[in-house]
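As structure tokens, the structure follows; a few thoughts come after it.
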Amino acid sequence: MATRSSPVFNDHGRTYHADSCAPLVEAVRRGELRLEARARGSYPGRPLPGGVLRGLRCVGFWDASRKQTWGLPWHRNEGIELTYLETGSTGFALGQRRFVLQPGDLTITRPWQLHRVGTPDVGVGRLHYLILDVGVRQPHQTWSWPSWLVLSKEDLTDLTTTLRGNEQPVWRADPQIQRCFRQLTGSLADDGPGEWSRLAVYINELLLQLVVMFRERRIPIRKSLSSARRSTELFLDSLREGLDETWTLERMARSCGLGTTRFVHYCRQVTNQTPLQFLGSLRVEKACSLLRRDPTRSVTDIALDCGFVTSQYFATVFKRHCRCTPREYRQGRDRNTSRRTRPLARAREAEP
């Protein structure tokens, strides 16, 4: 089983490494479960040749006959991910939602969705998975399926529309989809003539059966889930994770895949503030929390941790928002006033 350098992709202005599945690799090495996979990048499995089935990041299954002592960490993928639990049960989480997958459950995650398998540990069972890169990182971007897919234009359009307009993460898989997964991953051990053609055929059939399932169930579509506003909302929601980074208006817009004018427009719609005002309010809000929680930590350390370049600039911005200095806030002065002004609607335009 090979592991390679981690593929990278940009999301919310930062570089992410696709999940290396290191805990899974270690469990396989310890003999705790069986893994059969073909993969690119950092995903575990036998390497896929460079010119074969472009866009296929990984396909495979693991088979755990006993409860594991590991789980996959929180991650995003650089493609659309489908998993199918054939036997056993295991925890699955997406954002704030928690699930216990049962036999016959299918999960679908998009590149912008933070998720993990194992809450915290993986359970017993056989889990099949497939990741296809469709060329997007944000909800509003145009999907580009691999050229070796032979689904009709109508079928691919329907599939794309459903996957963009409905973000339900867990489904009950139809028997045909269950059969497709078993057929697909069951072929991985056969590396004889026609190996890549078989993989392509099985993946095409799986996606076709997914189209059929969606049509039969008449899945509701929400166009707002694939809008530029949605991409802006996701970026702003995750901005708290990177407050110590150096943000400019241009970089924030670029992280959303938008021009600055459109990004500012949607940010005002969502927050009633400009992007830099909103960033400043989040940084001060985090500083308030740190000042309350750790009275021994220096104001300078807190300032740097929140993304302010100097303690002097931090004090200026903090006083503008909270009407007192950081030290006065820590001592309890005007804390009630600052609470009343949250979420810091009085923020003025400020540098990050």
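Any read-out appearing in this document is the output of simple, stated calculations on the displayed coordinates, not a laboratory observation. Quick caveat, the model's predicted, so the values are computed rather than measured. A quick note on method: Cβ atoms are made from the backbone with ideal geometry, for glycine too, and the neighbour counts reach across all protein chains shown.
Under the Kirkwood approximation applied to all pairs of distinct alpha-carbon atoms, what is the hydrodynamic radius of region 100-150 in Å?
Over region 100-150, the inverse of the mean reciprocal pair distance is 13.6 Å.
With a 10 Å cut-off between alpha carbons and a GNM built on the chain, which of Thr232, Thr142, Thr316 moves the most?
Looking only at Thr232, Thr142, Thr316, the largest GNM fluctuation is found for Thr316.
As an exercise, take the mean of 1/r over every pair of distinct alpha carbons in the chain, invert it, and state the Kirkwood radius in angstroms.
Value: 22.5 Å, from the Cα pair sum.
Along its principal axes, what span do the Cα atoms of region 24-68 show, with the longest given first and each in whole Å?
Largest to smallest, the principal-axis extents are 37, 14, 10 Å.
Please find the FRET efficiency linking Arg54 to Glu26, where r is the Cβ-Cβ separation and R0 is fixed at 22 Å, and quote it to the nearest 0.05.
For Arg54 and Glu26, the calculated efficiency is 0.15.
Once you list every other residue whose beta carbon is under 10 Å from the beta carbon of Lys286, what net charge do they have if Lys and Arg are +1 and Asp and Glu are -1?
Residues near Lys286 contribute -1 overall.
Please give the net charge around Leu243, taking every other residue with its beta carbon less than 10 angstrom from that of Leu243, where Lys and Arg add +1 and Asp and Glu add -1.
-2
Ranked highest first by average number of other Cβ atoms within 10 Å, how do 259-269, 319-329, 295-305 line up?
319-329, 259-269, 295-305
Which of the three applies to region 227-341, rounded, prolate or oblate, going by the alpha-carbon gyration tensor with a ≥ b ≥ c and a/c under 1.5 meaning rounded?
Note, shape of region 227-341 comes out prolate.
What is the Cα centroid distance between region 266-318 and region 179-243, reported in whole angstrom?
39 Å
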